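To start, the structure itself, in structure tokens.
Read-outs: derived from the displayed coordinates by stated rules, not from any lab. Computed from a prediction, not measured in an experiment: that's the story for all the values here. All Cβ positions, glycine included, derive from the backbone under ideal geometry; neighbour counts span all protein chains shown.
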Amino acid sequence: MVPADQGGGVMRADLLVEPVDGLDEALAAVDSFDRALVVGLLRPHTVRDTGLAELAGAVAGTPLAAVAGEAADKAVAGAASEDHLVALAAARTALLGSVHDALAARVEEATGRPRAEESVPAPVGRPAGNLLTAARSWLSDLARCGWQGIDHDVVAGAAPVVSAMLPDPSLRRLATLLDGFAAELAASCPGSALERVPVRRWADLWSRATVLTVPGAADVPATGTATGRLLPLGVDVQEHATAVQAQVHGVLEPADGAAPRLVRASVSVPKPDTVVGAGLWQLLRPHMSLLTAVSEGRSTDLTDMPVTAEGDLIWDDARARTGEPADALATARVALSTATSFATAPLDRHPSRIAVPVFLEGYGAHKDDEGLAFTVAGHRLAVDTDRIPTAGPLTAEAVAASGACVGLLRWDAGAFTVQPLAVETTVRKKAVAVHAGAWAGGTTDKAGTKAEKAATDAAAVLRERAGRLLRK
């Protein structure tokens, strides 16, 4: 809840728990098609035929009706071409895009936040290149054999395509997706022996990659520039075995006096799988001065910083200067409710992309069989404690004892959840702010210092081993 006497409106928590019209039907059609990908589109099967029919039926009232219907009929007949499979991927993407739009509209209604008026232009078509054609061919083979039919020979078909794509910056986005997807599939071969298939995830990866083989779809979005004061709200850390990303969410106050906007700034780096916890900051902080500003609780003054139509700052340290103190909780109380979000690019419209900064206060925190939750205006809002990074002092216990929270409103497994970025709790009768990114720029905190030292030792060992291998 955002107190009205502190510059914000009141969050309609009831809207976050009410059903959204048509949502279940759209997701049911997606799930049905995803099950068809499990058995394979070339293999006659009732599950396949049902999935194709439901997907085509779900877009029957849209401009995709004719191409999706034809593609489904061809697939049932075992005669689907690569273009037909692209049409099916596009239909699935469009369905999840409609789910994204419905959920985003519900969030806007619940928060009372202004809606973005601009739209992100769709990619411009161009002739297909050989590498895009090769990638599409491999993805088509995957869809035809299905996840239960994959083997190492099928999966290995991605390797030469990825190797040829990586040197080209314009194809690197798709190459990285294909590389990661192929690695997951290879680790699960043979598909016939799988006890559990990540049905939604692999279907997401397949449809995303397939659509990106359309010429121009993977182009870097157009950018403008941003000048003004950036007030950080918090840091979202996304970690994998070989890579880590820190994404800073904040409010941009333009220098020309225009309305404040929600923006993001991200930095991603490769990492050894032995570097975890606070050690991640040693890899990240050299690439973005903003992380130091976040840990010190300061604003950042931007001058002509490149920004995409989706509100992603293309960070350049030369265009940023550390500014005055700026507390994230104070920013959330005063500026968050009036900040306008940027539009979402057509191909990025997916429920998993919803991550809306919100400020909650006056809630009750409690644990039940389903985990930690906030009670906001009498309604239960689940807290996603699994997303709290280990690379900072914020813990589930601190969240449970908090009275105010800056977080990201997400949608997962059929319900809205909140991912805490910073909370205000009471320690020895004093209000204390605890931030997930508090150690981003370094720390004197005892636990943080210990974790940093351990990471430094691990990195030194890895460098010594790498040097030894190179000398050999």
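Percent of C-alpha pairs per 5 Å bin in the range 223-338, short distances first: 2, 12, 23, 24, 18, 11, 7, 2, 1, 0. Available extension along the chain between residue 66 and residue 189 is 40.7 nm, counting 0.36 nm per residue and deducting the alpha carbon span. Site pair residue 355 and residue 426 shows an inter-label distance of 3.3 nm when each label is modelled 7 Å from Cα along Cα→Cβ.
According to the calculation over all Cα-Cα pairs in the range 313-370, the P(r) per 5 Å bin from zero is 4, 10, 13, 15, 21, 17, 12, 6, 2, 1 %.
Take the Cα of residue 148, step 7 Å toward its Cβ, do the same at residue 397, and the gap between the two points is 4.7 nm. Each of residue 304 and residue 386 was given a label point 7 Å from its Cα along the Cα-to-Cβ line. The distance between the two points is 4.6 nm. Between residue 79 and residue 21, the contour length at 0.36 nm per residue exceeds the Cα-Cα span by 17.3 nm.
Could you give the length gained by full extension between residue 318 and residue 163, i.e. 0.36 nm per residue of separation minus their alpha carbon distance, to one decimal place?
Numbers: separation 155, 0.36 × 155 = 55.80 nm, distance 3.29 nm.
Going from the current span to full extension adds 52.5 nm.
Annotation for the range 165-214: trypsin sites (Lys or Arg not before Pro) lying in DSSP loop with at most 12 further Cβ atoms inside 10 Å of their Cβ are 196.
In whole percent, what relative contact order does the range 223-338 give with Cα contacts below 8 Å and a gap of six or more residues? Could the numbers behind the result be given before it?
Values: 236 pairs, mean separation 36.1, N = 116.
Worked out over the range 223-338, it gives 31 percent.
Apply 1/(1 + (r/R0)^6) to the Cβ-Cβ distance of residue 464 and residue 296, taking R0 = 30 Å, and write down the FRET efficiency to the nearest 0.05. Write out the running numbers ahead of the final one.
On the way: r = 33 Å, r/R0 = 1.09.
E(calc), rounded to 0.05, equals 0.40.
If the only charges are +1 at each Lys and Arg Cβ and -1 at each Asp and Glu Cβ, what is the size of the charge dipole of the range 17-117 around the Cα centre, to the nearest 20 debye? Let's see the in-between values first.
Working: 8 positive and 16 negative charges, 59 e Å.
Dipole size: approximately 280 debye.
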